[in-house]
Structure formats: structure tokens, C-alpha cells
Amino acid sequence: MLIGKRCRWLRRNFSKRLDTFMKESTTHTPKVSVIIPAYNAEKYLKRCLDSVAVQTMPDFEVIVVDDGSIDETAKIADSFAAKDSRFHIIHQENKGVSAARQSGLDNAKGEYTIHADSDDWVDPEMLESLVKCATENEADMVICDMLIVHPGSIIEYRRQQPKSLDHMSVLGEMLFDLHGSLCNKLIKRSRLQEFDIHFVPGMDLAEDQFIVLRLLAHDIKIAYVGKAFYHYDHTQNEASICNKGVLAKDRLFPLEMIADYTDITPIQYYFDRAVFHIAFEYLYEPAELCPDYSSVFRAHRTSLWRVKGYPLRSKFFVLLRAYGIHLPMNTIKKFGRKFFHRGKE
């Protein structure tokens, strides 16, 4: 009788372990989730997905979010999913890039996440190199360099090495000196969950920079790889990365948001430079992009006064406009622009 009870107990125990094993084997957690928002990207999506498919580290998943495309984007994405189980496609109505990125993040299962734009591409060893660095350094974020592809096949190597790996120092540099994109940053997904960091609906300019800034506001561990794996194609998305058609208040929005979330006193120098850079650029933009210059920059007058590293003449023109005093555009162009980016005062 005791032997019978013992056998029944062993069968139940074995059955439970088998069930657990089967569940674990069918819910494998990939090392990396690659999130790719796509809208009417039929011209270049295949190039992007092909570059991810041949990664030297096979343990990843790709989440393509088709944001209501009306071209062949959905068909191209679905074809990859049909032949490679690591590719997952989300089809949704058009909601904008922030919502698309958030959909991808909500469905991600990887230990780490990284984003790629549908018109860019990556080198085969990118994921393996970034994951290796993250593992060896127990890092929450790994930053690498970028290659900027300009019209005429001109390649620019964009070095992204922070001066210090302290999170607040990197936060400051991300406001002005470093590229705020998520595309060259491997991020531990659990940290985004821990700090409840989400994309802001409707924020379709610098939406990824805002996520990076929000994460850097916390005491996370950062590592850097001095190689460029990501090809940022200026020839395809040039219209979206220029200031053309972008309101000044939209350029300021991510800066203002991060100032609401964290104490920026330690990085005030970088914040002031970022604000001044936007203010100076909009001296030359059409009036409709900044219809009331003084109102837009009123809350940032202190930063405009305090900023260092720019000629006094440039500051003079910006401050005049910020206080509602207009000068003829020809005067500004003649005496202002040629002094911009010319060293310190």
C-alpha cells in the first residue's frame, strides 16, 4: 500500500515538473526585442528587416508595428513573419510613432529592447556586441556609435561616447551633445517597467529622446561600445529630421517634460544650451512655426540669459526676440548667423 502511494506521488510530481518544463520551453524569453515602427515604408522596410534577420546572435525577436500603412508595408512585414518565427507583426490603425513604439514595447518579451527605424539598417554583429557588453558590465543601458548616411553616399561617423558614465552626466549630454535616439541604445526592459516609463501619446517628435531622458533620470548603470553598428539613413528620412514644418513649442516639449520629471540643476549647463540652440534656430524659421516667439520662450528667458559658450551678439538677438523686440531679418542674418558656433564669448 505504501509502495502504491509512493508511486502515485512520484507520478504526480513528475507530471507537475513536466508541465512546468513544457510551459517554460514554450514561453522562451528572447535575449533582445527589436522594435520597428513602420508607416508606408515599402521602399526600404525589407532592407531593414533583412539586416536584423542575419544577426550573429540568433536569440532575439523582432516586433514590427505597422501603423496603419496604406502601401505594401504590411505585406512585406507579413512575409518575414511567415518564414521566420522570430518576426511578429502588429497591425494597428494609424496612431503615430509614439503609439507604435509603445505597442511594440507592450508586446516585447526580451530581457533587453532596442529600436530601429524602418528606413535604417544595422550591422550583423550589433546585437551580439551590445548584449556581450551589457552582460560583462551588468549594464542597464549600452550606448554605441552611429553611422549617418547623407545624400551622395557620404558616410559620417558619429561618436557617442559620454564624457562620464554617471547617469546624470549622460542625461545632460543627451540634451545637447549626444544623439537621443533609442536606435543605438540597448536597454534592460525591466528597468523601463520598474520606473513606469512609457511613450507619450501624440508626441511624435523626439519621442525616443524623451524615453532615454526619463530613464537616465534614475540611477542606472551605463556602458559604452566604441563601434558603430547602426546606419541612420538621412537620404530617406531627411524630411522628418529637419526642423522644416516643426513648431518651436514642439521642439521644446521634451525638454520641458524632463524638467518636470527631475531636478535638472546638476545638468543646467546642458539644458540652457539646448534651449538656446532651439531659440537661435527659430530666428530664421518662417513666422508660422513660431507665431509668438516671446510667448514660446518666455519661461526660458533665464536659460537664455545664463547660457555660456555663444557670442554675445547671438545672445543679444535671441534675447531681443524673447522680450518681444523685433529686428529686420536681414540684420539678424547678416550679424547673427556668421557668429553662431564660433567658439566661446
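Quick check: is even one residue across the stretch 38-47 free of Cβ contacts under 8 Å to residues at least 12 places away in the same chain and either touching a Lys or Arg at 6+ places or on another chain (Cβ under 7 Å) or of a type in the set (Ser, Thr, Tyr) (or both)? Spell out how you get there, then give the answer.
From the stretch 38-47, those free of Cβ contacts under 8 Å to residues at least 12 places away in the same chain are none; that's our starting set.
No, the stretch 38-47 has no match at all.
Taking helices (runs of 4 or more DSSP H) that do not extend beyond the stretch 37-119, which have at least 2 residues that are hydroxyl-bearing (Ser, Thr, Tyr)?
Passing ranges, in order: 73-83, 97-106.
Checking the conditions here, which among Val142, Val54, Val65 is within 20 Å of Tyr230 (Cα to Cα), of a type in the set (A, V, I, L, M) and without any contact (Cβ under 8 Å) to a residue 60 or more places away in the chain? Show your work before the answer.
Details: Val142 fails: without any contact (Cβ under 8 Å) to a residue 60 or more places away in the chain; Val54 fails: without any contact (Cβ under 8 Å) to a residue 60 or more places away in the chain.
Only one candidate qualifies: Val65.
Count, please, the residues in the stretch 135-188 that happen to be over 23 Å from Asp233 (Cβ atoms), buried (at least 18 other Cβ atoms within 10 Å of the Cβ) and touching a strand residue (DSSP E or B) at 6+ places or on another chain (Cβ under 7 Å).
Final tally of qualifying residues: 7.
Values in this text are rule-based calculations from the coordinates and carry no lab data. Because the structure is a prediction, the values reported are computed rather than measured. FYI the Cβ positions are ideal-geometry reconstructions off the backbone, even for glycines, and counts take in every protein chain you see.
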